[in-house]
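**Student:** One structure coming up, written as C-alpha cells, with questions to follow.
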Amino acid sequence: MAKIALIGAGSVGFTRNFLKDFLYDEKLREQSEIFLMDISAERLHLASEYARIYSDALNIPIRCHATTDLREALSGANYVVTVIRSGELKHQVAEYEIPMKYGVDQVVADSLGPGGVFRGLRALKALFPILDAMENYCPGAYLFNYVNPMSLNTIALAKRARTIKVFGLCHGVQGTAKRLARYAGVAFEKLHFLCVGVNHQAFMLKLEADGLDLYPRLRALMNDRECKEYKADKVRFELMRAFDYFPTESSGHASEYVPYFRKRKDLLEKYCRCDCPHLADGIDYGGMVAGESGAAIRANRQLQAEYGKQLRELQEGKSKPDLSPSAEYAMRLVSAIENNVPFSANLNVLNHGLIANLPPGSAVEVPCLVSGAGILPGRILDYPEHLAALNRNMINVQTVAAEGALCCDRHKIMQAIALDPLTGAVCSLPEIQAMTDELFDALHDELDPSFFSSSANTKK
C-alpha cells in the first residue's frame, strides 16, 4: 500500500483538488492511504471537512488521516507533496511594498525579483526541515514540491537532498495549453505541444492539432490588438512577437521576469492594464493575470474570505461541491508510478545535460516520462538560443539565490537580486543593497537566524 503525505494541507484550494483526484482513481484509492498534515489544527480541520464532503458526495470511502505531527505524516511515506504557505499575508505585503519604494513594481512577487528571492528564503526555512525529516523517516521517497519560487526551491532542495527524489510541480504548462486551445479554436484533447524552458518561462516550441500548426492562428490574434485574446494576454503576445514563441504562465507573471514592461508608468498602462476580467472561485484575478501592480495581494485577501464562505455553504447544504477532476499533476504522477500506466508531464528538475545551452545545475522545466520505472526527464535537442538567453536571465537569479539560501550568505542574496532583469532596469547597486537590507530587517523573524550572524554579511 502506497502512503501519500500532503504537507501544508491547510492550503484548502489545492487540497480540494488533491482529494478529488485521489478519489477518482479507483485502483489508487483502494491500494493507498493519504495523510493530511498541517501545523494549524484549525486549517487541518477544514481540510478534513473537505475529505468528508467529497467522500460523501461521490459515495466513495477514503483512507484519509489528519495530523499535526510531521513525523507521523512522513514515516514510511512513498510520496510527499508540499503545498505549504510560509508566513502570513503581511510578509507578502512587505515583499511587495519595500521594493516598490525603490521603483521595483511587482505583481505577484513569488518567483523572481526581490519579492521572489525573499519568498524563497522564507519557504526554504520550512522546506529544509521537511526534506531532512524525509531523509530520516522515508528515505528514497519522492518529494513533489508545489511551493514557489519553484526554480529556486527545486535547485536548493535537490542540492541538499541525499536520497530523496526532488521534482517541482506547477500547473502553468497545463493552464497555458488549455488557454491556447481556446485561442486557436480547437478542443484541448486534440492539442499536441512541446513545452520547454524554465518554470514560468517555458515556451511552446510545438503547437499542433490534427497535424496542423496552430501558430498562424496565434499570430493573427497577436496582430489584432483590438481582439479580446490580445487584450487578455498583451505581455505574452508581445513576447511572442519579439521571441517567436508563446511563453507559459500569465502575462502578469511574465511581465515581472523581463525588463521591458514594468519600468515606466506608460509601459504599465499600455501592457499591464486589465481589460478582461478573469474569475475563478468567485475571485477577480484579472488584475493579477494582466499584470497590475500588487494585484496578487488584493486577490489573496479576497481568496481567504471566499474559501471560508464556500466551506460554510457546503456544510449547510446551500451549495454542492465541484466534483470535476483537476489538471494538477501530483496524483497523476503517483498513479502512473503505482499502476505502471505511462504518463507525460512537464516537471521541474535539475539540468544535468537535459538542455545543453542552459547552465548545469539550474532548474529546467521539461517533458518527463512517468511509469512504473519512475520518472525519466526528457533531453531537449536544439533549444533555440535566443530563448535560452532569455531563460538565463532568470536562471542567474535562481542559482545565486539558491547558493545564498544553502549557505545563509546575505551578500549572495544581494547579488541575486542585483541580477534580476527588472531590478537592474530601475535600481542602482547602492539602492539594491539598501533594499536588500531593508527586506532582511522587515522579515527578520521569518528567515533562518544564520542570515543575521556576522559571517552572513561578509563580502567575498
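**Student:** In the range 133-205, what % of DSSP beta bridges are antiparallel (nearest 5)?
**Tutor:** 50
**Student:** Positive end of the dipole of the range 80-173, charges at C-beta (+1 Lys, Arg; -1 Asp, Glu), about the Cα centre: which of Ala133, Gly115, Val93 has its Cα farthest in that direction?
**Tutor:** Ala133
**Student:** Still on this structure, please answer the following. Using amide H atoms built 1.01 Å from N in the peptide plane, name the residues 5+ places from Leu212, or on other chains, whose amide H lies under 5 Å from its own.
**Tutor:** Amide H neighbours of Leu212, under 5 Å, 5+ apart: none.
**Student:** What is the sum of charges, Lys and Arg at +1 and Asp and Glu at -1, for the other residues whose Cβ falls under 10 Å from the Cβ of Gly404?
**Tutor:** Net local charge, Gly404 excluded: 0.
**Student:** Between Glu269 and Leu194, what length comes free when the chain is fully extended (0.36 nm per residue of separation minus the Cα-Cα distance, one decimal in nm)?
**Tutor:** 23.7 nm
**Student:** Summing Lys, Arg as +1 and Asp, Glu as -1, what charge do residues with Cβ under 13 Å from the Cβ of Phe451 carry, Phe451 excluded?
**Tutor:** -2
**Student:** Here's another thing I want to ask about it. Please figure out what share of the DSSP beta bridges in the range 335-439 is antiparallel and state it in percent, rounded to the nearest 5.
**Tutor:** Around 90 percent of the beta bridges assigned by DSSP in the range 335-439 are antiparallel ones.
**Student:** Then there is this: Can you compute the charge dipole magnitude of the chain about its Cα centre, using +1 on each Lys and Arg Cβ and -1 on each Asp and Glu Cβ, nothing else charged? Give it in debye, rounded to the nearest 20.
**Tutor:** It comes to approximately 400 debye.
**Student:** Arranged by the count of other C-beta atoms within 10 angstrom, fewest first, what order do His171, His253, His45 take?
**Tutor:** His45, His171, His253
**Student:** Let me ask something else about it. Just to confirm the filter: which trypsin sites (Lys or Arg not before Pro) across the range 104-207 are DSSP coil and have at most 14 other Cβ within 10 angstrom of their Cβ?
**Tutor:** Arg162
**Student:** Which of Gly168, Ile395, Leu124 sits farthest toward the positive end of the charge dipole of the chain, with +1 on the Cβ of Lys and Arg and -1 on the Cβ of Asp and Glu?
**Tutor:** Ile395
**Student:** Need one word for the range 1-155: rounded, prolate or oblate. Basis is the Cα gyration tensor (sqrt eigenvalues a ≥ b ≥ c); a/c below 1.5 gives rounded, then a/b vs b/c decides.
**Tutor:** It comes out prolate by the Cα gyration axes.
**Student:** Quick one: net charge of Arg241's neighbours, Cβ under 11 Å, K/R +1, D/E -1?
**Tutor:** Charge balance in the 11 Å sphere: +2.
**Student:** Follow-up question, since we're still on this one. Can you pull the three principal axis extents for the Cα set of the chain, in Å, largest first?
**Tutor:** Here the spans come out as 60, 57, 47 Å, largest first.
**Student:** Run through the range 308-358 and list the GluC sites (Glu not before Pro) located in a DSSP loop whose Cβ has at most 16 other Cβ atoms within 10 Å.
**Tutor:** Filter output for the range 308-358: Glu316.
**Student:** Can you give me the span-like helices of the chain, meaning DSSP H runs with 27 Å or more of Cα extent along the axis and Kyte-Doolittle mean at or above 0.0?
**Tutor:** Taking the DSSP H segments of the chain (at least 27 Å long, mean hydropathy at least 0.0), we get 113-137, 385-407.
**Student:** Still on this structure, please answer the following. Counting only DSSP beta bridges with both residues in the chain, what percent are antiparallel, rounded to the nearest 5?
**Tutor:** The answer is about 55 percent antiparallel.
No lab work stands behind these numbers, since they all come straight from the coordinates. As the structure is a computational prediction, the values presented were derived from the model and not from experiment. Every residue, glycine as well, gets a Cβ built from its backbone with ideal geometry; the counts of neighbours run over all protein chains shown.
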